[in-house]
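See structure below.
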Amino acid sequence: MKHLPLSLLSSLLVATGSIALAAGCDQKPSGPTATSSAAASPAHVTPASSPASDGPAAVAPDNKTPAVTPSPGKATEPADRPSAASVALAVTAIQAFTADVYPHLVEADDNLFFSGASIATAFAMTHAGAAGKTADEIRAAFHLPDSGAYEAFGAFGRLLNASRGDTVLKTANRMWHAKDAAFQAPFVNILKTAFGSTVGHVDFAKSRAARATINTWVAGKTGDKITELIADGAITGLTRLVLTNAVYFKGLWADAFDKKLTKAAAFNRRDGTKVEASFMQSTDKHRMRMDPKNGLQRLELPYKDGGLSMVVLLPRDVAGFADLEKNLPTQLKAAAKPIDETTQVYVKFPKFELQSPIDLTPSLTKLGVKRAFSAGADFSKINGKTDLYITDAFHQGWVKVDEAGTEAAAATAVVIGLKGMAAPPQHFVADRPFVFGIRDDATGAFLFLGRVMDPTAG
């Protein structure tokens, strides 16, 4: 895989968006007690299945469950809250989370592409079912606002889904639940009303078929670019629900690159080596700015008709990339406001295609989301009990950049199951040198010992 020294940060690229940057604000809210106007009385319900489209789904009461009891506290958002203000709340949270999680996702010199917006949306949905310290940890890690978090993310999703001419930008949410499971009415209503989520049931006992069903939905929502979001073994008979978000983008450059000018040239990797890449070229007027203090260049490449731009942060030299990543939060804030002026610029930019499958659990744990993944999790707002926890959290990002424009996709899945649920099977793939022996189990003596460096060598 080719390693790009450009800071092609997922939050600046399509999926999360230059939309997010354009709408961003500097105000940083404190952690929320996020509420939703959809939070009705906490009756248990068995959600009625809806088609795997984005149409509305009904919630059918479960007659075997307890009667409705009052919901604690006020759970409504002022009806006259400006949409722009709600969007700004979500954007601020997404930008802050994206900057925080980025250093935990990078691995050595590997490429990376992810959507902070997709991850944050999926966990805002998850937060709707969390209580106590579990909710507090999610709230803090994702910078959710004090109130109106769910409405804010819903408004942001509707903004992404707005018509954009030749540019395609779509996002979708869906809750997948065990057919016989009962859930709290406020939780289901928040997902449907605030997040616009559809609801569908699957038979988790048939784990392979359930995984295939969810992955097929994700593939359909991402232009068939993300086909294996949920890993094999992550779904079991004890899985109770999966929350998914998907984002897809396809945009043409406002000024396309001329294919005749694309040439092969050397690309400088951080380790000092070079690799040959295909570089697009342009001498048009572009929005570009250079920081005179450190030589950091910022280039903005707008897309046709969409109100989106790719924003590229390029250090003065390869050595400057470390400082760029170190100061990323500051740079993201500075890049939130589009450059006004254009200037004649010679642009030499590589074509590339990246895909990043990510296990979110380690990164989110480092950000303080610990209880949600443990036996101490409290998701009582989902089913009225404390028997659920997050067993897995997956994310994938994919992007392709060429002379015509950019195509990108991202998806997130939060898998929630019963405590005491068997952990996903560990992998033992002996595809590298190993030591082995033959042991007498009673005495512990190794009668034979050896190593395998090449199993084909004899």
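Observations, loosely collected:
- Positions within region 196-226 being among the small types (Gly, Ala, Ser) and over 16 Å from Asn173 (Cα atoms), in sequence order: Ala205, Ser207, Ala209, Ala210, Ala212
Table: residues versus (1) surrounded by fewer than 19 Cβ atoms within 10 Å (Cβ to Cβ); (2) under 23 Å from the mean Cα position of the chain (by Cα).
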position: Phe204; (1), (2): no, no
position: Ile214; (1), (2): no, yes
position: Ala231; (1), (2): yes, yes
position: Ala246; (1), (2): no, yes
position: Gln297; (1), (2): yes, no
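- The criterion of at least 3 residues that are under 24 Å from Gly405 (Cβ atoms) is met, among strands (runs of 3 or more DSSP E) falling completely within region 183-278, by 239-252, 263-268.
The rows are residues; the columns are (1) part of a strand (DSSP E or B); (2) within 19 Å of Ile358 (Cα to Cα); (3) at pLDDT 60 or above.
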{"site": "Asp392", "(1), (2), (3)": "yes, yes, yes"}
{"site": "Lys400", "(1), (2), (3)": "yes, yes, yes"}
{"site": "Glu407", "(1), (2), (3)": "yes, no, yes"}
{"site": "Phe436", "(1), (2), (3)": "yes, no, no"}
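- Just so you know, in region 266-283 the residues that are surrounded by 13 or more Cβ atoms within 10 Å (Cβ to Cβ) and of a type outside the set (S, T, N, Q) include one that is nearest to Ala319 (Cα to Cα), and it is Arg270.
Quick grid of which residues meet (1) at pLDDT below 90; (2) touching a Gly at 6+ places or on another chain (Cβ under 9 Å); (3) aromatic (Phe, Trp, Tyr); (4) in a helix (DSSP H, G or I):
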{"site": "Thr92", "(1), (2), (3), (4)": "no, yes, no, yes"}
{"site": "Tyr102", "(1), (2), (3), (4)": "no, yes, yes, yes"}
{"site": "Asp109", "(1), (2), (3), (4)": "yes, no, no, no"}
{"site": "Ala122", "(1), (2), (3), (4)": "no, no, no, yes"}
{"site": "Met125", "(1), (2), (3), (4)": "no, no, no, yes"}
{"site": "Ala140", "(1), (2), (3), (4)": "no, yes, no, yes"}
{"site": "Ser147", "(1), (2), (3), (4)": "no, no, no, no"}
{"site": "Phe153", "(1), (2), (3), (4)": "no, no, yes, yes"}
{"site": "Gly157", "(1), (2), (3), (4)": "no, yes, no, yes"}
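- Qualifying residue in region 303-324 (condition: within 21 Å of Asp271 (Cα to Cα), part of a loop (DSSP other than H, G, I, E, B) and under 27 Å from the mean Cα position of the chain (by Cα)): yes
- Contact map, region 146-161: residues that are under 18 Å from Lys250 (Cα atoms) paired with residues that are surrounded by fewer than 21 Cβ atoms within 10 Å (Cβ to Cβ), Cβ distance under 8 Å, separation 6+ or inter-chain. Pairs shown: Gly157/Gly196; Arg158/Gly196; Leu159/Ala23; Leu160/Lys170; Asn161/Lys170.
The values are calculated or read from the model by the stated rules, or taken from the named source; none is laboratory data. Keep in mind the model is a prediction, meaning the values are calculated, not measured. Methodologically, a virtual Cβ is constructed for each residue, glycine included, from the backbone with ideal geometry; neighbour enumeration extends over all protein chains shown.
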